[in-house]
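Following: one structure in structure tokens, then a few remarks.
The values are calculated or read from the model by the stated rules, or taken from the named source; none is laboratory data. Computed from a predicted model, the values in this text were never measured in an experiment. Here the Cβ is made from the backbone with ideal geometry for all residues, glycine too, and neighbour counts use every protein chain on show.
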């Protein structure tokens, strides 16, 4: 066996230029795969993080049925029951209560339908990043019960600016007309059109007063320590709350379209990665085939001397393995290195910032370093380099010794 | 002493691809060669010498007729069995040496005995002994490209002998060598024949080889024209 490994190794060294090109092709292909995967994972991670951090949160807890049919009649009057469970859940980093209801906003110039959210200004900052998206004026503070923050586009439609007065109208929890005037404290620009056109925020206290909902809330928005904790935590909360009283929904349940888009993105990326893999495999196959054709006479000699066809196959496979191992090693180092460096510095795509913002992706993308993904791709490339040598190996093993020697 | 090989009514016809024209390389050949023989098969180019050697070595199959080597009927062997047969029973010495270019002289010489599973100590000991007999001790680690034609052919002889085959088939072993080197090499093989009892069959049109052989078989147009004991 050692002799075949030695011959395989020397065959690699014999045509150094061709071996170098193969190793470089495998390394470049794997490096591209690792980088592409890291980049897409980074962009997807950023999208999920931005989407959930902006407003939705990682998990929302409602009264059962709220998500299907939002309304004040499905409000929660025992917030402390939920809070007690959340405080005891290690994966939960922060949570905040909200009131959520559709309403009508009016200015002297115009009026518009809105999604009005009552928030606890201080606790909301621990769960979402809306306070960082203020483009004019300021975000709400505790006690700002006569103030309102609205979307920038909504402000343009209403032709109002910070300091102007607007009126909110809706239906209160008790069925009466809810109406109150607020001073515009700030304009929020989330980057998402639906939010910038339709969102308005007042304090939780102000919302409870407006809708006559003393001590009631619509939902609790929850932030977990990591995006990876979301699904398990949501399931854990569902188990603990029971499905009859409350619903604990992850962002995937709250925004299935966004989740589906993400899945489509993953499938599309996998397709591209598969095509890159095919190109890499083609390069290896080409090199091994060339090597076999070049050594037809040598294989003929070996067969004539009594080398078994299976031994020829093992030798060619060993050659591919060495090439694949060297290429995969270099490709892994290069790919992982680039992902690590770019993961720290980020890749500036400011030129595409408008398009990226629509998908909740920032203009600087930080590729994600995932050792398991890298190991999987390196393993696939290594396996491929051996698997695709089977055809040329069998071809070599089936040569007629006498014809091969004459070639 | 018994026969190491026997061919009976062997014919070999080649048909070239895309052509209906047939060429008859061997025409109803029958002969047997005794164990320990030192035999030369001679004749002009195209007389069928190499074809006969290839058939004896299991590298080619006859169109008809039977070939028996060391009591094995080659017609009954599949590809894997034929590999085993060549590995254990036949030693080849080719006109163009046919060494494996990536291996050293020593590694080339031990290649077949390695495939046979001979222990490393024995391979090394016997290889050194044979290289010494061949005057090649200084060239053990050299690659084929670093050796002269005569030296390469000696390595090929070492490879054939180290495998301890029943039969050594040498196809024009002196064709690419100068007369002195060629003569020395044949003398060396004669010594091996005498001391180790190895059977040698040469395909040649070198008069020196014909003269040194103990038996000379002359072929012409695929037929045996003379069979002379010397």
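Values for this structure:
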item	result
Helices (runs of 4 or more DSSP H) within segment A:284-381 that include 3 or more residues within 14 Å of chain B (Cβ to nearest Cβ) and either without any contact (Cβ under 8 Å) to a residue 12 or more places away in the chain or out of contact with any strand residue (DSSP E or B) (no Cβ under 8 Å at 6 or more places or on another chain) (or both)	A:296-304, A:309-345
Of all residues in segment B:72-101 being touching a helix residue (DSSP H, G or I) at 6+ places or on another chain (Cβ under 8 Å), under 24 Å from residue B:9 (Cα atoms) and assigned to a helix (DSSP H, G or I), the one that is nearest to the other protein chains (Cβ to nearest Cβ)	B:86
Residues that are at the interface with another protein chain (Cβ under 8 Å from one of its Cβ atoms), over 18 Å from residue B:161 (Cβ atoms) and under 13 Å from the mean Cα position of the chain (by Cα), drawn from segment B:51-71	B:54, B:59
Any strands (runs of 3 or more DSSP E) falling wholly within segment B:1-54 and containing at least 1 residues that are at pLDDT below 95 and in contact with a strand residue (DSSP E or B) (Cβ under 8 Å, 6 or more places away or on another chain)	B:3-15, B:22-34
Matching residues in segment B:182-203 - criterion: being in contact with a strand residue (DSSP E or B) (Cβ under 7 Å, 6 or more places away or on another chain) and either part of a loop (DSSP other than H, G, I, E, B) or over 19 Å from residue B:97 (Cβ atoms) (or both)	B:190, B:193, B:198, B:199
Some residue of segment A:261-270 being part of a helix (DSSP H, G or I), out of contact with any strand residue (DSSP E or B) (no Cβ under 6 Å at 6 or more places or on another chain), more than 14 Å from every other protein chain (Cβ to nearest Cβ) and under 22 Å from residue A:326 (Cα atoms)	no
Single residue of A:25, A:43 found to be away from chain B (no Cβ under 14 Å), at pLDDT below 90, touching a strand residue (DSSP E or B) at 6+ places or on another chain (Cβ under 7 Å) and farther than 30 Å from residue B:115 by Cα	A:43
Filtered residues of segment A:1-20 (kept if more than 14 Å from chain B (Cβ to nearest Cβ) and out of contact with any helix residue (DSSP H, G or I) (no Cβ under 7 Å at 6 or more places or on another chain))	A:17, A:20
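Yes/no per residue for (1) farther than 18 Å from residue A:360 by Cα; (2) in the same structural domain as residue A:31 (by TED's automatic domain parsing); (3) surrounded by fewer than 17 Cβ atoms within 10 Å (Cβ to Cβ):
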| position | (1), (2), (3) |
| --- | --- |
| A:179 | yes, no, yes |
| A:186 | yes, no, no |
| A:199 | no, no, no |
| A:203 | yes, no, no |
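Listed here are the residues, each with its yes/no results for (1) part of a loop (DSSP other than H, G, I, E, B); (2) modelled with pLDDT of 90 or more; (3) more than 10 Å from chain A (Cβ to nearest Cβ).
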position	(1), (2), (3)
B:103	yes, no, no
B:113	no, no, yes
B:121	no, yes, yes
B:125	no, yes, yes
B:131	no, yes, yes
B:141	yes, yes, yes
B:151	no, yes, yes
B:158	no, yes, yes
B:168	no, yes, yes
